[in-house]
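Have a look at the structure below before the remarks.
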Amino acid sequence: MQSRDGQPSLFNINDNTIRPVSSSLFTILTTIIQHGSADEISKDLINQLIAMEWVHESRELKQDYSKSGIFHSNKESLQKAICAPESKNHFLVLGVPYDLGNPVRPGARFGPDEIRVGSWSLLEYTHYQEHVKKDNYLYGTTKLNKFNLSDLGNLSQRTVSSKKFAYPFLSNLAYVAAASGKKTIFLGGDHSILFAELTGIQKEFPELGVIQLDAHADFAGKRQVKLLDIDHANFWSQLEVDSSINPILKFGVREVVPQSLHNDSRAGIFSVDQFLENIVSTIAKSPKIPYFLSIDVDVLDPSIISRTGTPVPNGITFKQLNRAISLITSKVNIIGADIVEFMGENRVENGIVANILLDLINDLASDDHE
């Protein structure tokens, strides 16, 4: 794989510690080839994945998390979820308990399970969304029965224990999930997991845009040359060189370094001022292509979410974020998303982030983009 400037991509780095695809993942993929529909995932695509390097032999999905899946959904294996018939309203949720990309304030590895805990206390009806058409009970809107949800659990601790294993494995997994025709929501984890998600998803969607809701631009210097250099504050430095992602739209930004103010015609960085107005005007002019939506919880004010790696004052409100998600999902084709940088260990905030996830999935299931 070549980068946009002709230099070798990070995923071609020669490393003797990287081994061929694991026997367990090989079994999953060959089963898909034997029993999956050709319309869902092509044999050629799977064979290409099997031939890829960068997957350590001990990689596997963790399936021993307690209780039910998120929002009391079904816990399912990757194999079953990928082979299920393609459906607009079938969503996959995958936890990525990885925070090696934030060496200053780690803790986002607890995010996926903390969001699950928060989700178990949510009720079926809500009525705080003034802009949502009234549905039924007490003029509320029912949210929990409009979509099919498969919780794939978390990547195992062995998978996320090293950058050189975690990023390539997640990239391959994101590729397979995208190729299955289902929308995957990744629960981080620090924001550097977006680097791996996008490198995988763009193999299925060569034309891809990104909308990022974040207090930071996550561009912190010139191109990185080693996988171990990637972190949650600089991963866009690499992505902007290695990928053809266009446009790259970032909203809610209120803390930057000088290097973030670079000249890339594909990138648009918008402050927290006129947050919703900027989203409406910008996406109206954006190309009609698939988009990935990335939500860093630090886009919210710390008075709402304090348990995040790098909180920044003067953030947006929950209501503004809820409205932004509805606007975005109604106007553009969102093919996947993530929620990152949540550390959890606060029952109130667990519920708030679970509500964000529920709103996101509900809007994706309900809206036909224009």
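The values are calculated or read from the model by the stated rules, or taken from the named source; none is laboratory data. All values reported here derive from a predicted model rather than from experimental measurement. Note: ideal-geometry Cβ built from the backbone for every residue, glycine included; neighbour counts use all protein chains shown. Ligands, DNA and RNA are excluded from the accessible area calculation, which covers all protein heavy atoms including side chains. Shrake-Rupley method; radii C 1.70, N 1.55, O 1.52, S 1.80 Å.
Structure values in brief
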{"read-out": "Most to least packed among 270-282, 69-81, 350-362 [average Cβ atoms within 10 Å]", "value": "350-362, 69-81, 270-282"}
{"read-out": "Neighbour net charge for His216 - beta-carbon separation under 9 angstrom, K R +1, D E -1", "value": "-3"}
{"read-out": "Under the Debye formula (equal points on every Cα, no solvent term), log10 I(q)/I(0) of region 280-332 at q = 0.19, 0.24, 0.25, 0.32 Å⁻¹", "value": "-0.72, -0.93, -0.96, -1.23"}
{"read-out": "Rounded accessible area per residue of region 147-244, 1.4 Å, Å²", "value": "24 Å²"}
{"read-out": "FRET efficiency, 1/(1 + (r/R0)^6) with R0 41 Å, evaluated for Phe318 and Val241 via beta carbons", "value": "0.70"}
